[in-house]
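Enquirer: Right, I'll just put the structure down here and ask away after.
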Amino acid sequence: MTLADLEIGGEATVQSVSGPRRVTCRLMEMGLLKGVRVKVVRVAPLGDPIEIRLRGYALSLRREDARGVELEA
Amino acid sequence: MTDAVLLAGNPNVGKTTLFNRWSGAKARVGNYPGVTVDRRSAQVELAGARELVDLPGTYSLTARSPEEEIAVTAVLEDPSAIIVVVDATTLRRGLYLALQVLETDRPTVVALNMMDEAKRDGIEVDVDALSRALGVPVVPVVASNGEGLKELKESVASVIGDPRDPLTLDYGDATSAISALQGDDNSVARATWLLLSVGDDELELEASVRARVTAVQRDGLDEEIIGARYALVDALVDDHVTERTNAGPSRSDRIDSFLVHPVTGTLAFVFTMYLVFEALFSWSDPLIGLVEALVGWAQGVAGEALGEGMLSDLIVDGVIAGVGNVIVFVPQIALLFLFIGFLEDSGYLARVAFLIDRVMKKVGLHGRAFVPLLSGFACAIPAVMATRTIENRRDRLVTMLALPLMSCSARLPVYVLVIAVIFAHEPRVFGFMSAGAAALLGMYLLSVVGTLVAAAVLRRVALPGPAPALVLELPPYRWPVPRNLLASTWTRVRSFLVDAGTIILALTIVLWALLYFPRGHEATDAILSERAAITAQQSEGEADVEALAAIDDRVAASRLQHSYAGELGRAIEPVIKPLGFDWRVGIGILASFAAREVFVSTMGIVFGISEADEESQPLRASLSEATWPDGRKLFTPASGIALMVFFVFAAQCMSTIAVIKRESGSWKWPLVMFAYMTLLAYVASFIAYRLGTWFA
Ligand SMILES: Nc1nc2c(ncn2[C@@H]2O[C@H](COP(=O)(O)OP(=O)(O)O)[C@@H](O)[C@H]2O)c(=O)[nH]1
Ligand SMILES: [Mg+2]
């Protein structure tokens, strides 16, 4: 399952981050790394992007990029 | 060593607030060479350091684009000292950046900001222990009220000139790759910057450096480096910080459940944008009126004082009018930047990008392009300046080059006049709508579609490149500090006055000269002698004011028609004839380069009607009676619509050109804009005229 599939309110632990390096580097540097707990807080009214919470702050990213974030089962 | 003290940190942690507190009114804003990113600095005196610099916000010292590179370069350039500003409520992310700075040997102090919020949230930081662990002073501050600033300055003074040992991290398997890239300066910071940034980047690097980096890069290396740093961050926070205990929704969460809600959020969004719109359209109106009245008054006074003559005309209609053309934009610029400052500092601008990203992405634009585009409906000048909130250079340029197509308020008088002339009898379309209203609506739709299509095409053709990912922090909502809003607004206004203003003034004078010279022409002289005859009679008691005024209008018309601009209007007639325009419309188009609405008053002068505006009945009547030499009407629905379409697309605005020169940093982009818009205007207008005549 990926971060894009997580329901609103759902929480999970990050397994791996893949995608273009421009995106993965940025995500990892903002703390989205293996082992981190993430929670999907809400989805933009138009369906994309999504807002997640990690390490005590709110981050928004597009679904296409969230699909590269694999979650632990 | 440079003599600068740098303020580095994530976006929204309070760097600018701290900078403004420290520097007071001494701030100066320049540009980083090559990229149009503000360089905010101030003179300070502190233990030999002379300058305080507010760096652009950054999450790390990784940099793929020239804009991101600024912070890296500044840190690696050997400043006097670096203050890493971290937000005590999101300490982990801040410390991630701090560690990278600590990997250099530059004197460093960590400013632990937002201590008021940390206290409120029950976050406790063992400052002394953290300071010992990091090996540099850690100073708690509250930038918004200045608490801790004195201690911060003392700490900075104490570390200046005192190099420390770089922090060493255990990078595990990545160590060999890092040491392979450590140059003579032995810098881990530089090595990791290269490893994480090279590839998929836009950096200007020597080929040999690039080759050395790619030779040691491998899968998983990024994660090892970043992971090693976060491991240390997590250990530091676990040991020295008690984090938020109450796990319930934060204040920002509660606000967001309203402001980003599908229904209430959309309403709030529409309302906020409506306010921006109102500010630009209505609130600025009295101020603009005031500016215009002042300019008119100054022109009157100068005209009185200087009497008649060329010098007087130059000063009154060239210089003072030019200064007026500059300051008339100030109310809208100031209001827009107060608004943007408020939206940005409060945290709502990030939500705007979040809400609208889906739509903007379709045309290849960033969510942050929305406010500038919307502002384009009022005026392209403040709108172009507002593109500064878009970080990526290509995104910013695309937005800047496309938004002059938005139908600004200066086009409205032209539409109103033309519609009144071509649809004088108010015919209806579709049974309910007047043809005029339909045409007006059509022009606005055309401009919006044109803008979006132009943006999409420019993105692909003129500025191709990877669209930056939207990985956007949604910062907590905070009350903006008025001092910050005023400072950033003043900065913008001043840079407009100084940089774009001088170009606008110069262009106004050039345009004035084109419309003014040459003075003597036989046709004009003939009318002048008629006038002399009348004045001669008048002295015998028979004052005919009306006849005199009529003659003055004819003099003005004749002068304009025989000016260089007038001749130019005739010269371009063959070119614009396929659009349904004659040389008189040509003069109007040329003169409207000063500002589009000038088209109306210029047509007034050409047709011998002084001080005409778009509501003027005599002007409307003259225009609808105007004919070609063969007796055909000049203004038909076809040619009128073609003219409006021309104004929708043409870059008839020297101020836009000036401000794009200023904001893009070169003449290349305003010229690109002028070329594509003029071509587009010509082709679209031609098609409109052909279709119109074919239907009629
Ligand atoms: N509560 C609180 N708010 C602050 C503090 N420092 C800055 N702010 C607010 O945080 C927001 C972002 O500050 P700014 O200086 O623009 O951050 P920058 O992006 O790092 O330059 C603004 O609304 C400030 O008013 C602080 O110490 N406490
Ligand atoms: Mg700032």
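Enquirer: Given the criterion within 14 Å of chain A (Cβ to nearest Cβ), touching a residue at least 12 places away in the same chain (Cβ under 8 Å), within 16 Å of ligand 2 (Cβ to nearest atom) and crowded, with 22+ Cβ neighbours inside 10 Å, identify the matching residue among B:R351, B:R368.
Expert: Only one candidate passes the filter, namely B:R368.
Enquirer: Away from ligand 1 (no atom under 12 Å from the Cβ), modelled with pLDDT of 90 or more, open to solvent by less than 30 Å² (accessible area, probe 1.4 Å) and within 22 Å of B:R483 (Cα to Cα): which single residue out of B:L18, B:L55, B:L6 fits that description?
Expert: Going through B:L18, B:L55, B:L6 in turn, the sole match is B:L6.
Enquirer: I need every pair where a residue in segment B:42-56 that is away from chain A (no Cβ under 14 Å) and assigned to a strand (DSSP E or B) has its Cβ under 8 Å from the Cβ of a residue that is within 16 Å of ligand 1 (Cβ to nearest atom) and of a type in the set (V, I, T), sequence separation at least 6 or different chains.
Expert: Going by the 8 Å Cβ cut-off, the qualifying pairs are B:V44/B:V5; B:L46/B:V5; B:A49/B:V5; B:E51/B:V5; B:L52/B:V5; B:V53/B:V5; B:D54/B:T16.
Enquirer: Moving on. Here are some residues: B:I576, B:I572, B:I534, B:I605. Which one is closer than 26 Å to B:S655 by Cα, touching a helix residue (DSSP H, G or I) at 6+ places or on another chain (Cβ under 8 Å) and either surrounded by fewer than 21 Cβ atoms within 10 Å (Cβ to Cβ) or among the charged types (D, E, K, R) (or both)?
Expert: B:I572
Enquirer: Could you list, in sequence order, the residues of segment A:32-57 that are surrounded by fewer than 21 Cβ atoms within 10 Å (Cβ to Cβ), at the interface with chain B (Cβ under 7 Å from one of its Cβ atoms) and more than 22 Å from B:Y230 (Cα to Cα)?
Expert: Selection gives A:P45, A:L46, A:G47, A:D48.
Enquirer: If you don't mind, another one. May I ask you to list the residues in segment B:473-496 that are open to solvent by 10 Å² or more (accessible area, probe 1.4 Å), more than 15 Å from ligand 2 (Cβ to nearest atom) and within 14 Å of another protein chain (Cβ to nearest Cβ)?
Expert: B:P476, B:Y477
Enquirer: Give segment B:160-175 a look and list any residue that's touching a helix residue (DSSP H, G or I) at 6+ places or on another chain (Cβ under 8 Å) and open to solvent by less than 80 Å² (accessible area, probe 1.4 Å), or say none.
Expert: B:P166, B:L167, B:L169, B:Y171, B:G172, B:A174
Enquirer: Shifting gears a bit: In segment B:354-365, which residues are within 18 Å of B:G265 (Cβ to Cβ), out of contact with any Ser or Thr (no Cβ under 9 Å at 6 or more places or on another chain) and open to solvent by less than 30 Å² (accessible area, probe 1.4 Å)?
Expert: Filtering segment B:354-365 down to residues within 18 Å of B:G265 (Cβ to Cβ) leaves B:354-360.
Applying the additional criterion that residues be out of contact with any Ser or Thr (no Cβ under 9 Å at 6 or more places or on another chain) yields B:356, B:358-360.
Answer for segment B:354-365, where residues must be within 18 Å of B:G265 (Cβ to Cβ), out of contact with any Ser or Thr (no Cβ under 9 Å at 6 or more places or on another chain) and open to solvent by less than 30 Å² (accessible area, probe 1.4 Å): B:I356, B:M360.
Enquirer: Could you look through segment B:1-26, keep only residues that are outside any helix (DSSP H, G or I) and within 12 Å of ligand 2 (Cβ to nearest atom), and pick out the one that is farthest from B:E473 (Cα to Cα)? Outline the logic, then answer.
Expert: Initially, segment B:1-26 is screened for residues outside any helix (DSSP H, G or I), giving B:1-14.
Now restrict to residues that are within 12 Å of ligand 2 (Cβ to nearest atom): B:7-14.
Working: B:L7: 20, B:A8: 17, B:G9: 14, B:N10: 10, B:P11: 9, B:N12: 9, B:V13: 12, B:G14: 15 Å.
Among residues in segment B:1-26 that are outside any helix (DSSP H, G or I) and within 12 Å of ligand 2 (Cβ to nearest atom), the one farthest from B:E473 (Cα to Cα) is B:L7.
Enquirer: Take the residues of segment B:461-472 that are more than 7 Å from chain A (Cβ to nearest Cβ) and under 25 Å from A:C25 (Cβ atoms): which is least open to solvent (accessible area, probe 1.4 Å)?
Expert: Among residues in segment B:461-472 that are more than 7 Å from chain A (Cβ to nearest Cβ) and under 25 Å from A:C25 (Cβ atoms), the one least open to solvent (accessible area, probe 1.4 Å) is B:L463.
Enquirer: A further question follows. For B:A63, work out the one condition from (1) open to solvent by less than 30 Å² (accessible area, probe 1.4 Å); (2) within 14 Å of chain A (Cβ to nearest Cβ); (3) over 33 Å from the mean Cα position of the chain (by Cα) it doesn't fulfil.
Expert: Among (1) open to solvent by less than 30 Å² (accessible area, probe 1.4 Å); (2) within 14 Å of chain A (Cβ to nearest Cβ); (3) over 33 Å from the mean Cα position of the chain (by Cα), the lone unmet condition for B:A63 is (3).
Enquirer: For residues that are over 40 Å from the mean Cα position of the chain (by Cα) and not charged (D, E, K, R), scanning just segment B:209-219, find the one that is least open to solvent (accessible area, probe 1.4 Å).
Expert: B:V216
Enquirer: Sticking with this one: Given the conditions (1) open to solvent by less than 20 Å² (accessible area, probe 1.4 Å); (2) part of a loop (DSSP other than H, G, I, E, B), which single one is not true for B:F646?
Expert: Condition (2) is where B:F646 drops out.
Enquirer: Any idea which residue in segment B:27-52 is surrounded by the fewest Cβ atoms within 10 Å (Cβ to Cβ), counting only those that are more than 16 Å from ligand 2 (Cβ to nearest atom) and of a type in the set (D, E, K, R)?
Expert: Checking each candidate, the answer is B:E45.
Enquirer: For segment B:298-311, how many residues meet the condition of being outside any loop (DSSP other than H, G, I, E, B) and surrounded by fewer than 16 Cβ atoms within 10 Å (Cβ to Cβ)?
Expert: Of the residues in segment B:298-311, 8 are outside any loop (DSSP other than H, G, I, E, B) and surrounded by fewer than 16 Cβ atoms within 10 Å (Cβ to Cβ).
Enquirer: Something else: If you go through segment B:579-601 one residue at a time, do you hit one that is assigned to a helix (DSSP H, G or I) and farther than 19 Å from B:Q652 by Cβ?
Expert: From segment B:579-601, those assigned to a helix (DSSP H, G or I) are B:579, B:583-591, B:598-601; that's our starting set.
Next cut, farther than 19 Å from B:Q652 by Cβ only: none.
No, segment B:579-601 contains no residue that is assigned to a helix (DSSP H, G or I) and farther than 19 Å from B:Q652 by Cβ.
Enquirer: Among (1) over 21 Å from B:F281 (Cβ atoms); (2) surrounded by fewer than 20 Cβ atoms within 10 Å (Cβ to Cβ), which single condition is B:A437 missing?
Expert: Here B:A437 meets the rest and fails (1).
Enquirer: Do any helices (runs of 4 or more DSSP H) entirely within segment B:72-163 hold 2 or more residues that are at pLDDT 95 or above and within 14 Å of another protein chain (Cβ to nearest Cβ), and if so, which? Steps first, answer last, please.
Expert: Values: elements: B:91-102, B:115-120, B:127-134, B:149-159.
So the answer is B:91-102.
Enquirer: Another question, then. Any chance segment B:521-530 includes a residue that's away from every other protein chain (no Cβ under 14 Å), surrounded by fewer than 17 Cβ atoms within 10 Å (Cβ to Cβ) and not in a helix (DSSP H, G or I)?
Expert: Yes, the conditions are met somewhere in segment B:521-530.
Enquirer: While we're on this one: Among (1) more than 10 Å from chain B (Cβ to nearest Cβ); (2) within 23 Å of B:V233 (Cβ to Cβ); (3) not aliphatic (A, V, I, L, M), there is one condition A:S60 misses while meeting the rest; what is its number?
Expert: (1)
Enquirer: Which of (1) within 14 Å of B:W193 (Cβ to Cβ); (2) more than 16 Å from ligand 2 (Cβ to nearest atom); (3) open to solvent by less than 30 Å² (accessible area, probe 1.4 Å) is the odd one out, the single condition B:L76 does not satisfy?
Expert: (3)
The values are calculated or read from the model by the stated rules, or taken from the named source; none is laboratory data. Being a predicted model, the structure only gives us computed values, none of them experimental. Backbone-built Cβ (ideal geometry, glycine too); neighbour counts: all protein chains shown. Please note that ligands, DNA and RNA were not included when accessible areas were found on the heavy atoms of the full protein model with its side chains. Shrake-Rupley method; radii C 1.70, N 1.55, O 1.52, S 1.80 Å.
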